[in-house]
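Engineer: Let me give you the structure first, and then I'll get to my questions.
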Amino acid sequence: MHVFNVNEKLQVMVVDLNGLVRWRGNDVVIDLKSIVTEPKMQDHTLELVSSDAYPLTTGSDTDPIAYLGTCWVVYDQLFAPHSFFAALFQVNKDYQVSQWMRITLPDAPTFTKFIASNPTAPDNLYWSIFSHSKGADLFEINRNVKVPFNKRIAGPRSVVDNFRALDISDLPGSVLRCDTWASNSIRVVVAGFDTGYVIASISPINTNTVSDRKTLKFSGPISILQVVQPQSATSPAMVLVSSTIGPATIWALRIEKNKIFWELRTQFTESEVYDAVITATTTKQFILIGTYGEQLLIYSLEDSLRYSEISPLATLNVASPILSIVPVENDNALFVLSSKGFHQYVQLDSAQQPMGNIEEGLSSTFESSPKNSQILKPPIV
C-alpha cells in the first residue's frame, strides 16, 4: 500500500498478491499479470512476492508520479517454481501503469526496495532486489524525469562498487526486510532475514568499504525492521524490530569511531499475544503495529523512546488479518489494508494534544474497549 500525490490530491495505491493495482476512490484496476505475461507463460501461474514504490516530483501531466518495482515467481502446471523475474513500472497521473523494464532472475526473489540514501549522488535512486540466500542486485535510476526515458536506468550495478554495505557475505538466510539511511560521511544498512537474524552494516560514503557489522538474533522470521529515529549528534538511531513471533522491540544503534553498538531500549507488551506480528508504521505521535490476529495496536512514540517497556494505548479490532498500515499525517488519516479490504480512519482534534495528556486512549467503531473514547474512527460517508 502506497500513498502518492496525484493532481494535488493524496491517493492510496494498493498492490495485491495477484498483481492487481487498485486506487482508493477510483474504479481503475490494473492487472499487472496481463502486462508481464508472455505467450510461453500461458499455462503457468504467476505470483507477486514483493513490491515497492517510490514517489516522484513531477511537473507536466505526462511525467510519471512514481516507480513501482515488483518481483515474481512463475509456477508450472504442477505448481512447482519454474522461473523468476522482476519488472519495473511507471505509474502515471491517469492511474495507469506501464512496464519499463523486465529482468530475469536466477534465484527466487524475497524482497525489493528503492534506496535513495546517497548524499554524493542525490539524483540517483537504487532499485535493490534480494533473492533467496543471495545478496542484492542493484539497478541505478536517475530520478530526474527530464532525462530521456531510455537513459534513466543502468545496471545491474556491482554491490561492492556502489553500495558496499549491502554486500553481506555468508548470508544467514534470505532477506525479508531492509532499511537504510546515510549522512555526509557514512551509510548504514540494516537487513532482516527469514532465519531471525538482523545485520547492521556501516560503510564510509567516500571509500565504500565496510567498517563494521553487528548481528542480532530473534526467534522467527523478521517481519518489521524500520528506523524510527535516525542517529543525530546527540542520540543513537532507534530501530523498530520484530519477528513474526514478537514481541516488537526498539533497539538503539549507536555508531562510535566506525563501530556499531546495539542496545535493547524498549519492549512493546501485548504485541506477541495476537498471533503473528505482520507490519508496523510510525507517525509523529504513535507507533502502530498490525497483527495476523486482527488487532491494530497503538503505542505512544514518545513513551517508546523513554521507557524500557510500554503497553498499548488502545487496541483496535479490524476483524481481519492486517497486511499494511499507511499514515497520511497532513490529512490526520490512517489507512489499513486487511485481507478483507481497505479501512480508513481519521484522527479527531482531541488527539492533537500531547501524548502525556491523553488518558482516554484510542478507539474506533470496529469495537475496541467501550470505555475508550473515539479518537480514531472511520470517516462519515
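Here, each number is a calculation from the coordinates, and none is a lab measurement. Remember, predicted model here, so these are calculated numbers, not experimental data. All Cβ positions, even for glycine, are placed from backbone atoms using ideal geometry, and neighbour counts span all protein chains on display.
Engineer: What is the extension gain from L264 to Q99, computed as 0.36 nm multiplied by their sequence separation minus the C-alpha to C-alpha distance, in nm to one decimal? Walk me through the intermediate numbers first.
Structural biologist: Working: separation 165, 0.36 × 165 = 59.40 nm, distance 4.32 nm.
The L264-Q99 span can extend by a further 55.1 nm.
Engineer: Full-extension gain between N206 and D16, please, as 0.36 nm times their residue separation minus the C-alpha to C-alpha distance. Please report the intermediate quantities before stating the final value.
Structural biologist: On the way: separation 190, 0.36 × 190 = 68.40 nm, distance 3.93 nm.
Once the chain is fully extended between N206 and D16, it gains 64.5 nm.
Engineer: Around G290, under 14 Å between beta carbons, what's the net of Lys plus Arg minus Asp minus Glu among the other residues? Please report the intermediate quantities before stating the final value.
Structural biologist: Values: positive: K340; negative: E270, E272, D275, E294.
Overall, the nearby charge balance is -3.
Engineer: Provide the net charge surrounding I322, with neighbours chosen by a C-beta distance below 14 Å and charges set as Lys +1, Arg +1, Asp -1, Glu -1. Intermediate results must be reported in sequence, preceding the final value.
Structural biologist: Details: positive: K340; negative: D275, E294.
It works out to a net charge of -1.
Engineer: May I ask you to order 68-75, 9-16 by the average number of other C-beta atoms within 10 Å around their residues, highest value first? Write down the numbers at each step before the final one.
Structural biologist: On the way: 68-75: 21.4, 9-16: 17.8.
Ranked by mean Cβ neighbours within 10 Å, highest first: 68-75, 9-16.
Engineer: Work out how much length F79 to T215 would gain on full extension: take 0.36 nm times their residue separation and subtract the Cα-Cα distance, in nm to one decimal. It would help to have the intermediate numbers written out before the result.
Structural biologist: On the way: separation 136, 0.36 × 136 = 48.96 nm, distance 3.58 nm.
Working it through step by step, the gained length comes to 45.4 nm.
Engineer: Right, something else. What FRET efficiency do you get for S133 and K257 if R0 is 30 Å and r is their Cβ-Cβ distance, rounded to the nearest 0.05?
Structural biologist: 0.35
Engineer: K9 to I245: FRET efficiency via 1/(1 + (r/R0)^6), r the Cβ-Cβ distance, R0 41 Å, to the nearest 0.05? Working shown, then result.
Structural biologist: Working: r = 40 Å, r/R0 = 0.97.
With a Förster radius of 41 Å, E is 0.55.
Engineer: Give me the net charge of W262's neighbourhood, meaning all other residues with Cβ under 9 Å from the Cβ of W262; Lys, Arg count +1, Asp, Glu -1. The partial results should precede the final answer.
Structural biologist: Working: positive: K214, R254; negative: E263.
My count for the surroundings of W262 gives +1.
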